[in-house]
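K.L.:
Please see the structure below; I have some questions.
Readers should treat all values here as calculations from the given coordinates under stated rules, not as data from a laboratory. On a predicted model such as this, the values are computed, not experimentally measured, just so you know. Neighbour counts run over all protein chains shown; Cβ positions are idealised from the backbone, glycine included.
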Amino acid sequence: MKKCTQQGCPYTPERPDCIEGKADCPHLVEAVDDAKLGQTKVIGGGDSLRADIVAKTFHTGEKLSADEASTVLHENPTSVVLCVGATGSGKTTFLARIGELFREGAMSAWRFAGSLTLCGFERASWRATLVSGAIVPDTRRTDRWENDTFLHLCANAVEGGKWTSRHILISDLSGESFPDAVSSQDFCRSLCSLQRADTLVVFADSKQLVDTVQRHAETDNVIKFLQQVESSVPNARALRVQVVFSRWDYAISVDEHLVNERYCEEFERDLQTRFEGRFEQFDISRVAARPRVGEPTDDIIRQIFSRWMVPLKGHPIDPIGEISHARDFSAYLRP
Amino acid sequence: MSEHSDPTFLLLGLSGTGKTNFLVATDVVLDYQTEPDGLVHAGPAADRAYLQPLREKWLRGEVLEHTSRLQPPTPHHLLTKHPRSGRAASFYVPDLAGESFESYFELRGFPAEVSARIREAAGLCLFIHSDGSASHEVLAHPQLRELMESEDGGSDGVAGEQPKEWQIGDACDQVKLVDLLQFVFESRKAGQPFDIAVVVSAWDLVEKMPGAAGRLTPDEYFSKHWPLLYQYLKSLPKSVRHRIFGVSARGGGNSKEEVHRLTVEIQKPRDRIIVVDGSHRSGDISRPIRWMLGLLNENNG
């Protein structure tokens, strides 16, 4: 018998419509008889069913809701990062690569110190692993319902001669929602991850930038989105904004790569002219997290991650335990 | 809830990580201890119905079967004592089947009894296998470059078989172990002292690796091959100590020649065992427990 792992989903075998309005619920798991326990257990979720066989349950390992993420914000010095970009621009692949670098012990200055969402990171990397049965690396698309959900990491680094730990919450806006974010202030205002973000990472897809037909819409969307941010986020000036030219291997792997690079450089200059000084920090990077040719740009990914972990002047970290609506997500959640 | 006032230690490890061999070899060594400072049996276990046949198999050099979760052994207590100091400890093995630990990961929780034991325990032995893979191998691009270029694949998709959907059981081993340890610390009061003895089993395989790989200390091996877990342990507060031990509880492989070497060439069964702790090397498999009891110094004891 199948059950849905989504809270509140009315799925039943007789009535297969799901909470997301899909005809076939995509979050079904098998409920199987467990020989040892002699009771029914659910593989992959199902709090109510497992409650009777497990005395104490812990975090699910999947992305955190805004409420769960607020708890992290209250209890620890935490940075909030939102990654935004069009469908297929490489946001999830970038985050998957961060998870992989930690798993490989290759995050240089940062030492892994825990995560409530290890399963979320595993899921993000899954289609790039041999064991998944994939022939070439791929990344699962982020669904709309995952907007305002968060991956979590805790990492340590040496500061002033001693190890200090920082937490980070990373949200990845569904590519399907990017047009809404570009075109609607209301939508931007409804995103608690955007309203609360310390760092905003905007992905400009190099594959689109080198496409002579698509490139103008791609650049325009990045500019329009940043303008929306300025008008819809009250403390936008305190934001750290990073524009990432993602899938950079597409820009440099073709014969006319010099032309492409020149176009990208022009776009960089345009962005700097428009937005430098408008945010607390503004920088641009070129990243290939899972390139078709060459090596992943791991050094740049590490640099970007390191910047996320540095607290901003405009976003002071409150003393631990002090509840402030400016820190958690509750002030931005709409009923 | 413990019936003993002596410290209790637990055992945690996924499938095929050498827990049964470790338990049986420890049971033997506690009876035939030659290390002047080693531990011995403090008393007989109440029920040896599971352990005794395995002990006979181990002594004959036979391969111990994988512990099935469908016919789990009853929980064990190994009661140990340190003759010189008079200190005693209880080594509690709730369930030897690695699948049980995997199910705790998948169900995101512990059964009541395990939960209670974790709250009371002074430490645990965490098992990994030297032959095991900590993470799933990521598809490396250089080998795939031609295929991807020819099919214009990458993240835009490519013709071919669909990868299977991720299920929670597909998480890699070091993620499972880190999460299980996070569960352990969520179960316990913050700041409570706790010791973790990481046992890298089948250490003889590491020593047979060619070149520098075969000369790694257990700590070096662990940091290189299990970096996420290693870093997680390093990041824990000072109240949580950890130490890495290379252990070959069986002493060698399963080939006919190896079994002959183990059973005929090595006169005393306890001499098969290899325990490496930094630069220290012996056959005293009680060493990880001695360390958790505070009977070794922080270097090489």
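K.L.:
Compute the distance in nm between two label points, each set 7 Å from the Cα along the Cα-to-Cβ direction, one at A:A106 and one at B:E113.
P.N.:
Distance between the two pseudo-spin positions: 4.4 nm.
K.L.:
Karplus couplings for the stretch B:280-286 from phi (6.51 cos²θ - 1.76 cosθ + 1.60, θ = phi - 60°), rounded to Hz, Gly and Pro as x?
P.N.:
Calculated HN-Hα couplings, in order: 7, 9, 7, x, 8, 6, 7 Hz.
K.L.:
Under the definition of partner shielding as Cβ atoms of other protein chains within 10 Å of a residue Cβ, what is the mean value for peptide A:98-107?
P.N.:
Working: counts 0, 2, 3, 1, 4, 13, 5, 11, 1, 2.
Averaged over the peptide's residues, the number is 4.
K.L.:
Using the count of nearby Cβ atoms within 10 Å as a rough guide to exposure, how do A:F178, B:F185 rank from fewest to most?
P.N.:
Details: A:F178 21, B:F185 16.
Fewest-to-most Cβ neighbours within 10 Å comes out as B:F185, A:F178.
K.L.:
If you don't mind, there's one more thing I want to ask. What is the magnitude of the charge dipole of the stretch A:66-311 about its Cα centre, with +1 placed on the Cβ of each Lys and Arg, -1 on the Cβ of each Asp and Glu, and no other charges, expressed in debye to the nearest 20?
P.N.:
400
K.L.:
To continue, here is another question. The stretch A:99-143: which chymotrypsin sites (Phe, Trp or Tyr not before Pro) are DSSP loop and have at most 13 other beta-carbon atoms within 10 angstrom? Can you show the working numbers first?
P.N.:
Working: sites: A:F102, A:W110, A:F112, A:F121, A:W126; in loops: A:W110.
Qualifying residues, ordered by number: none.
K.L.:
Cut-off is 10 Å between beta-carbons; in what order do A:K313, B:K224, A:K63 appear when sorted fewest neighbours first? Kindly include the intermediate steps, with their values, before the conclusion.
P.N.:
Values: A:K313 8, B:K224 13, A:K63 25.
With the sparsest Cβ surroundings first, the list reads A:K313, B:K224, A:K63.
K.L.:
Give a residue-ordered list of calculated ³J(HN,Hα) values for the stretch B:117-131 (Karplus: 6.51 cos²θ - 1.76 cosθ + 1.60, θ = phi - 60°; whole Hz; x for Gly, Pro).
P.N.:
The phi angles translate into 4, 5, 4, 8, 5, 8, x, 8, 9, 9, 9, 10, 9, 5, 8 Hz.
K.L.:
Mind checking the mean number of beta-carbon atoms from other chains within 10 Å of the Cβ atoms in B:127-136? Intermediate values should be presented prior to the final figure.
P.N.:
On the way: counts 0, 0, 0, 0, 0, 0, 1, 3, 7, 10.
Other-chain Cβ atoms within 10 Å of each residue's Cβ, averaged: 2.
K.L.:
To check you understand DSSP bridge types, tell me what percent of the beta bridges within the stretch A:66-311 (both residues inside) are antiparallel, rounded to 5. Could the numbers behind the result be given before it?
P.N.:
On the way: 12 of 36 bridges.
Roughly 35 percent of the beta bridges in the stretch A:66-311 run antiparallel, per DSSP.
K.L.:
Counting only other chains, what is the mean number of Cβ atoms within 10 angstrom of the Cβ of each residue in peptide B:175-187?
P.N.:
On the way: counts 8, 4, 0, 5, 9, 1, 1, 7, 4, 1, 1, 4, 3.
Across B:175-187, the average partner-chain Cβ count within 10 Å equals 4.
K.L.:
Most exposed first by the Cβ proxy, i.e. fewest other Cβ within 10 Å, how do B:S279, A:S330, A:S115, A:S177 rank?
P.N.:
B:S279, A:S330, A:S177, A:S115
K.L.:
How much length is gained if the chain between A:V254 and A:E268 is pulled fully straight, taking 0.36 nm per residue apart and subtracting their Cα-Cα distance, in nm to one decimal?
P.N.:
Numbers: separation 14, 0.36 × 14 = 5.04 nm, distance 2.01 nm.
Difference between extended and current length: 3.0 nm.
K.L.:
Evaluate E = 1/(1 + (r/R0)^6) for B:V264 and B:E120, where r is the Cβ-Cβ distance and R0 equals 56 Å; express this FRET efficiency to the nearest 0.05.
P.N.:
Values: r = 44 Å, r/R0 = 0.78.
Efficiency at R0 = 56 Å is approximately 0.80.
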